[in-house]
1. Viscosity 0.692 mPa s, temperature 37 °C: what is the translational diffusion coefficient of the chain from Stokes-Einstein with a Kirkwood Rh over Cα pairs, rounded to a whole number of µm²/s?
2. Report in % the part of the accessible area of the chain that belongs to carbon and sulfur, leaving out ligands and nucleic acids; probe 1.4 Å.
3. Which one of SER80, ALA37, TRP59 is farthest out on the positive end of the charge dipole of segment 33-86, using unit charges on Cβ (Lys, Arg +1; Asp, Glu -1) and the Cα centre as origin?
4. Of the DSSP beta bridges with both residues in the chain, give the percent that are antiparallel, rounding to the nearest 5.
5. Per-residue ellipticity at 222 nm for the chain, helices alone: DSSP H runs ≥ 4 residues times -39500 (n - 2.57), over residue total, nearest 500 deg cm²/dmol?
6. How many nm is it between the label spots at THR41 and ALA27, if each spot is 7 Å from the Cα in line with the beta carbon?
7. Kindly report the accessible area of the chain per residue (heavy atoms of protein chains, probe 1.4 Å, no ligands, DNA or RNA), in Å².
8. Give me the Debye-computed log₁₀ of I(q)/I(0) at q = 0.27 Å⁻¹ for segment 4-45, equal point scatterers on Cα only, no solvent, two decimals.
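The values are calculated or read from the model by the stated rules, or taken from the named source; none is laboratory data. Quick caveat: nothing in here was measured; it's all calculated off a predicted structure. In this analysis, Cβ positions are derived from the backbone assuming ideal geometry, glycine residues included, and neighbour counts consider all displayed protein chains. Surface areas here come from the heavy atoms of the whole protein model, side chains and all, with no ligands, DNA or RNA. Shrake-Rupley method; radii C 1.70, N 1.55, O 1.52, S 1.80 Å.
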Amino acid sequence: MSDRRARAWAGVDAGKGHHWVAVVDDAGTTLWSRKIANDETAILTALGEIMGLAEEVEWAVDISGTASALLLALLAAHGSTAVYVPGRTVNRMAGAYRGEAKTDARDAYVIAETARHRNDFSRIDVPAQL
C-alpha cells in the first residue's frame with residue numbers, strides 16, 4: 001500500500017545560502033520538512049523526494065527574486081511552477097498557528113498552509129533564460 005497522496009503543498013522559506021521546505025497534505029499534516037542548500041544537487045534531491053510524496057505538488061515561495069532563482073528554474077525544468085506568498089501575508093498568518101517564535105521551519109510550514117487554504121496568489125513566471 002502506498003502512502004502517496006493525491007495532492008500536497010510545499011512551502012519554501014527561501015534564503016541566499018539555503019531554503020527551508022515544508023510539505024503538507026490536504027489535512028495540514030507535515031509530510032516533509034528540511035533545510036536544503038541553495039545548490040543544484042541538493043535542490044534536485046529534495047525535488048525528487050517531495051515529488052514522490054504526491055501526484056500533484058503545489059509550490060509556494062516567499063521570495064521571487066535572486067535568492068529563489070535556482071529553485072524556481074529547477075521547478076520549471078521539471079514542469080512545476082510556484083506561487084508567490086508575500087512576507088507580510090506569512091507574518092500575519094503565522095499568528096494563526098501554534099508553535100515556536102519565528103523559525104525557518106515554521107515559516108515554511110505557514111507558507112505551505114497558506115497556499116493550501118488560499119488560491120489567490122500570483123504564479124511566478126520564470127524567464128526562459130533561467
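1. In µm²/s, the coefficient rounds to 227.
2. Details: 3450 of 7120 Å².
Carbon with sulfur: 48 percent of the solvent-accessible area.
3. Working it through, the farthest residue towards the positive pole turns out to be ALA37.
4. On the way: 13 of 23 bridges.
Bridges in the chain that DSSP calls antiparallel: roughly 55 percent.
5. Taking each H run of at least 4 residues, the total per residue is -10000 deg cm²/dmol.
6. 3.8
7. 55
8. Rounded to two decimals, the profile gives -0.90.
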